[in-house]
Amino acid sequence: MDLHNIEEKLSSHIFIKEVALIVHNGSLFAVVHPDFNALKEARIINIEEEIRWYAIELYNMQVQEPLKIKGYKILTVPLPKTALGGVDLVALRELISSDKKSDFAIEDEPDDKVYATLKEYLSTLTKGKITPSSHLELTLGLDSLDYVELFVFIEESFGVKIDEAIFSSVMKMGDLYLFVKQNAKYANSSAVVWEDILHQKIDEKLVYSPIIISLYKTVLYPLFRLYFRLEVSGVENIPTYPCIIAPSHQSMLDGFLIESVLPYKILKKSFFLAYKQVFGTTLLAPVSKHGQTILIDANINLKHTMQYCALPLREGNNLVIFPEGARTRDRKLLEFRPFFAMLSKTFGIPVVPVVIDGSYEALQAGKIFPRPRKIRVAFLKPIAPDGLSSDEITQKVREMIEIELGKSHPKAL
């Protein structure tokens, strides 16, 4: 196994400055130091996602199982070096084994109200130790939901407007503090309420296409039934009132599968959430435009994007959203993102977990033409948000899907 050759391939990615590979627990493990200047220029604020899907997973799709990278760690500082200038593999192994932070150190912190207010608020979003060198995503683990809350908090507490373009340049606590301090009009800590954010009026309008989306279903359903021996169950579990439909995500087929199996009455009042980078392309844009699809970009105008995603629910419709946010590359469920659960909690509407089983074998990531494999779609019992936190809703949906998938593929989970 030529690790150096693999490292060179990964290092060619625009957002990777240096990378080292080691064998950890019998599999390849990558330690990555990003090119933060390139990320800033591209205004990327979801760094881990960018490196995972567009560097590591793209590489994994091109190689056989023994050469796949099974784990990775992203450092905010350069890789540790030996006295001779090479990568210190011993230090890397210790770093991975102990899971300690690469940039942890005792630091002097500013002693003023702006820093204290920011730090106090950030402590509600993360359990990590907050210091001036803490990277908000890579060290403290903030995600898109947290970013929106932070942007709103900064605007209401300091009178400073911040967007993704600015934020991509101030993603360390110390840099963010300096930006806010230099531009603050006042300093008064203010509460952030998601219900207020999601109910704000926006200029965006939903494009209803009930006839066209019904036509899609009419064509797709018999085709899928024949080609994939499509099996559908649990349709009776879908409420007649607004709900969030949350399927597992195995392939590019999944959105079309859900579209094909929803009853006409429910389909006409359902909107689908999808990434602009995939469904906004020349090939798929016409389908999305007339398919009641809301296209999003995880790095641009997050607050407005989340308000737009909430619009179908505000107008009494259903929202189809894949909690994993990306297709599995190995059949295993990915981490569930909490946005769907926050919407459920905010609007007081149930979540219907959905199992899609078999589309991974029919159309794996990187493949173009689907194979005739049996696919099963099962709508599970809805989960009401009453008395549950967003985290509890997220966990419950994942557990229900995992249990149902485990009945057919116990070893895969």
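We did not get these values from a lab; they are worked out from the coordinates using the rules stated. Fair warning: this is a prediction, and the values are worked out from it, not measured in the lab. Cβ: placed from backbone, ideal geometry, glycine included. Neighbour counts: every protein chain shown.
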Quiz item: Relative contact order of the chain: what whole-number percent is it, with Cα pairs under 8 angstrom and at least 6 residues apart?
Solution: 14
Quiz item: For the range 185-254, which chymotrypsin sites (Phe, Trp or Tyr not before Pro) are in a loop by DSSP, counting at most 13 other Cβ atoms within 10 Å?
Solution: 186
Self-check item: Karplus (6.51, -1.76, 1.60) ³J(HN,Hα), θ = phi - 60°, over the range 25-32, in Hz, Gly and Pro reported as x
Solution: 6, x, 9, 5, 10, 10, 10, 10
Quiz item: By its C-alpha gyration tensor, with a ≥ b ≥ c as the square roots of the eigenvalues, how is the range 206-339 shaped: rounded for a/c under 1.5, else prolate for a/b larger than b/c, else oblate?
Solution: rounded
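Can you bin the range 94-231 into rounded, prolate or oblate? Criterion: square roots of the alpha carbon gyration tensor eigenvalues sorted a ≥ b ≥ c, rounded for a/c under 1.5, prolate for a/b above b/c, oblate for the rest. Spell out each step's value before the answer.
On the way: a/c = 3.71, a/b = 1.73, b/c = 2.14.
The shape class here is oblate.
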Practice problem: Write out the trypsin sites (Lys or Arg not before Pro) in the range 53-157 meeting two conditions: DSSP loop, and at most 10 other Cβ atoms within 10 Å of their Cβ. | Solution: 100, 127
Quiz prompt | Phi to ³J(HN,Hα) by Karplus 6.51 cos²θ - 1.76 cosθ + 1.60 over the range 138-143, Hz, x for Gly, Pro | solution = 6, 9, 9, x, 5, 10
Self-check item: Answer label for Cα Rg over 2.2 N^0.38 Å (calculated), chosen among [x] 1.21; [y] 1.04; [z] 0.96
Solution: [y]
Self-check item: Calculated [θ] (222 nm, deg cm²/dmol) that DSSP helices of n ≥ 4 give over the chain, each run adding -39,500 (n - 2.57)
Solution: -11000 deg cm²/dmol
Practice problem: Rounded to whole Hz and in sequence order, give me ³J(HN,Hα) for the range 360-376 from the Karplus expression 6.51 cos²θ - 1.76 cosθ + 1.60, θ = phi - 60°, writing x for Gly and Pro. | Solution: 5, 6, 6, 8, 6, 4, x, 8, 9, 9, x, 9, x, 10, 5, 10, 10
Quiz item: Any idea what % of Cα-Cα pairs in the range 353-395 are farther than 12 Å?
Solution: 68
Self-check item: Of 354, 384, 220, farthest towards positive along the dipole that unit charges on Lys, Arg, Asp, Glu beta carbons give the chain
Solution: 220
Quiz item: Using +1 on the beta carbon of Lys and Arg, -1 on that of Asp and Glu, and nothing else charged, what's the dipole of the range 210-412 about the Cα centre, debye to 20?
Solution: 540
Practice problem: Report the longest stretch of the chain that contains none of the GluC sites (Glu not before Pro) sitting in a DSSP loop with at most 16 other Cβ atoms within 10 Å. | Solution: 205-314
Quiz item: Exactly which trypsin sites (Lys or Arg not before Pro) in the range 264-365 are in a DSSP loop and have at most 12 other Cβ atoms within 10 Å?
Solution: 332
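What is the magnitude of the charge dipole of the chain about its Cα centre, with +1 placed on the Cβ of each Lys and Arg, -1 on the Cβ of each Asp and Glu, and no other charges, expressed in debye to the nearest 20?
It works out to roughly 1620 debye.
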Practice problem: Among DSSP beta bridges whose residues both lie in the chain, state the antiparallel percentage, nearest 5. | Solution: 40
Practice problem: Would you compute, for the Cα atoms of the range 113-192, the largest minus smallest coordinate along each principal axis and list the three values in descending order, in whole Å? | Solution: 29, 24, 22
Quiz item: So what's the Cα pair-distance distribution over the range 3-98, bin width 10 Å, in %?
Solution: 15, 51, 30, 4
